[in-house]
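The values are calculated or read from the model by the stated rules, or taken from the named source; none is laboratory data. This is a predicted model, so every value here is computed, not measured. Neighbour counts are summed over all protein chains in view; Cβ atoms, including those assigned to glycine, are modelled from backbone coordinates with ideal geometry. When the accessible area is computed, the model is the full protein with side chains, heavy atoms only, and any ligands, DNA or RNA have been set aside. Shrake-Rupley method; radii C 1.70, N 1.55, O 1.52, S 1.80 Å.
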Amino acid sequence: MHTRRMVAALAAMLLASACGSGTESSPSAYSDALIGVIGPKTGPAPQFYQDTQRGIELAAPIVEKRYGLELDFVYADDAGSPEGASSAVQKLLNEDDVDAIFGPPTSAPALQIAEVVARSRRPYLLVSASNADLVPTGGDKNFAFRTQWSGPVLNEVNSQVVFSDVDGKKPVVGIAYAADAFGQAAVAQYRKLGDELGVKVVEESMQTGATDFTAGAKRLRDAGVNSVFLNFTSGSDIATVTRDMKVVRFDPPRKTTTSNVLANYRELSEPAEWEGLKFVEREDLNSPNFTKVLDAYRSAYGEEPQLPTVVYNVFSALDAYAQGLKAGGGDHGAVRDAIESVASVEVEGSTYEKPFAPGDGEFYDADFANWHVMGFDDTPEGDIVTFGTVADCIKRGC
């Protein structure tokens, strides 16, 4: 048990005694580590906060038992903004004196605090934020570890589908994207690839939360786009785009997006609107290990996760951190070193060998054989269908 944790616990108990009640963030007297979790409990994307928290609630008992540890968590709301993240991380580091930071799950708030966390020399676990600049954040001693794909890796993989031939000819590629950091991140990469391959790329942006994309859909249609990529943070924005594509009769033979489509999209769309729509994801959401995570979520909360990949990424992040903590104890630098050199990470029966390396805090790479192409069936529920790996897609034609 950490001496500092005992002192913090005693202080919390004294405060609770004086005030008549405690809080869910009060550390246990026997905790091995206190982890600060930052996310948008309020703001435009609370589903990221909810599924991060629920992922922790499901994964923590498993890794605690696996490694003989007790972990405590304290949560802070960043309201989905960089300013909110700054306030949250200052509280977690200076008042709660946490041992590690999980989140924020979106890139702009995560970037805002990245250097602050690096200077604190606390492990920084990223389960959703994809901006390339987040890893590394600490120079030679990188303290950031991401169990989500990075934006450039996703775009490298997804572009193999988007830029593949249509009916034996080079495609005309369209990218509809959110006018935010996530949406814009792919544009430069796709534009550059289009120049290299001699493929026309047509770009249309939409403000997050907009309710009309008919003009943008018409321009993509009239430009002859036959391979379109929808790059948005929320499923509701993707729903707006696919609805208005249907309205203007823009139905290209290839329509792709990201797994962000899983958040609220099917509740807001009709089967005719998701017909032919596919997304690329590192994990096969129909695999036995992923299904086990989903079943545990359904059993605990009585509903589907809005962001199943975030829940899964929490499992891998907690497993890696727990191994680092077991080896490094109360020395944050030693914990960092141990995370970097873990032999494997386990998630519900699936093992990932040597996920990190010196100077490499990225869990996933761009090996096409390990990525999967998925979509929805034509039932009202839109059950997820796996079509094979990206490598298979490239070989047989996407």
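Key figures for this structure:
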{"quantity": "The stretch 225-240, residues that are under 24 Å from Lys170 (Cβ atoms) and modelled with pLDDT of 95 or more", "calculated": "Val225, Asn226, Ser227, Val228, Phe229, Leu230"}
{"quantity": "Qualifying positions in the stretch 34-65 - of a type in the set (S, T, N, Q) and either buried (at least 20 other Cβ atoms within 10 Å of the Cβ) or in contact (Cβ under 8 Å) with a residue 24 or more places away in the chain (or both)", "calculated": "Thr42, Gln47, Gln50, Thr52"}
{"quantity": "Filtered residue count, the stretch 199-244, keeping only those that are open to solvent by 40 Å² or more (accessible area, probe 1.4 Å), closer than 26 Å to Ser164 by Cβ and within 23 Å of the chain's Cα centre (by Cα)", "calculated": "1"}
{"quantity": "Matching residues in the stretch 245-277 - criterion: being aliphatic (A, V, I, L, M) and open to solvent by 40 Å² or more (accessible area, probe 1.4 Å)", "calculated": "Val247, Leu268, Ala272"}
{"quantity": "Boolean, Lys326 is within 20 Å of Val157 (Cα to Cα), open to solvent by 40 Å² or more (accessible area, probe 1.4 Å) and more than 20 Å from the chain's Cα centre (by Cα)", "calculated": "no"}
{"quantity": "Positions within the stretch 283-323 being closer than 22 Å to Gln50 by Cβ, open to solvent by 20 Å² or more (accessible area, probe 1.4 Å) and of a type in the set (D, E, K, R), in sequence order", "calculated": "Lys292, Asp295, Arg298, Glu303, Glu304"}
{"quantity": "Residue selected from the stretch 106-126 under the condition more than 19 Å from Asn155 (Cβ to Cβ) and assigned to a loop (DSSP other than H, G, I, E, B), by the criterion most open to solvent (accessible area, probe 1.4 Å)", "calculated": "Arg121"}
{"quantity": "Which numbered condition Val7 misses (of (1) modelled with pLDDT under 90; (2) in contact with a helix residue (DSSP H, G or I) (Cβ under 6 Å, 6 or more places away or on another chain))", "calculated": "(2)"}
{"quantity": "Members of the stretch 361-374 that are without any contact (Cβ under 8 Å) to a residue 24 or more places away in the chain and within 19 Å of the chain's Cα centre (by Cα)", "calculated": "Asp367"}
{"quantity": "Residues that are of a type outside the set (A, V, I, L, M, F, W, C), part of a helix (DSSP H, G or I) and touching a helix residue (DSSP H, G or I) at 6+ places or on another chain (Cβ under 7 Å), drawn from the stretch 228-254", "calculated": "Gly235, Ser236, Thr242, Arg243, Asp244, Lys246"}
{"quantity": "Yes/no for Asp195 being in contact (Cβ under 8 Å) with a residue 40 or more places away in the chain and either open to solvent by 10 Å² or more (accessible area, probe 1.4 Å) or not small (Gly, Ala, Ser) (or both)", "calculated": "no"}
{"quantity": "Total residues in the stretch 347-387, condition open to solvent by 50 Å² or more (accessible area, probe 1.4 Å), over 29 Å from Val161 (Cα atoms) and either charged (D, E, K, R) or in contact with a strand residue (DSSP E or B) (Cβ under 9 Å, 6 or more places away or on another chain) (or both)", "calculated": "0"}
{"quantity": "Residues satisfying the stated conditions in the stretch 178-192, i.e. open to solvent by 30 Å² or more (accessible area, probe 1.4 Å) and touching a residue at least 40 places away in the same chain (Cβ under 8 Å)", "calculated": "Asp180, Ala181, Phe182, Ala185"}
{"quantity": "Every residue from the stretch 310-348 that is over 20 Å from Leu58 (Cβ atoms) and assigned to a loop (DSSP other than H, G, I, E, B)", "calculated": "Gly329, Gly330, Asp331, Ser341, Val342, Ala343"}
{"quantity": "Qualifying residue in the stretch 290-300 (condition: of a type in the set (Lys, Arg) and closer than 22 Å to Pro380 by Cα)", "calculated": "yes"}
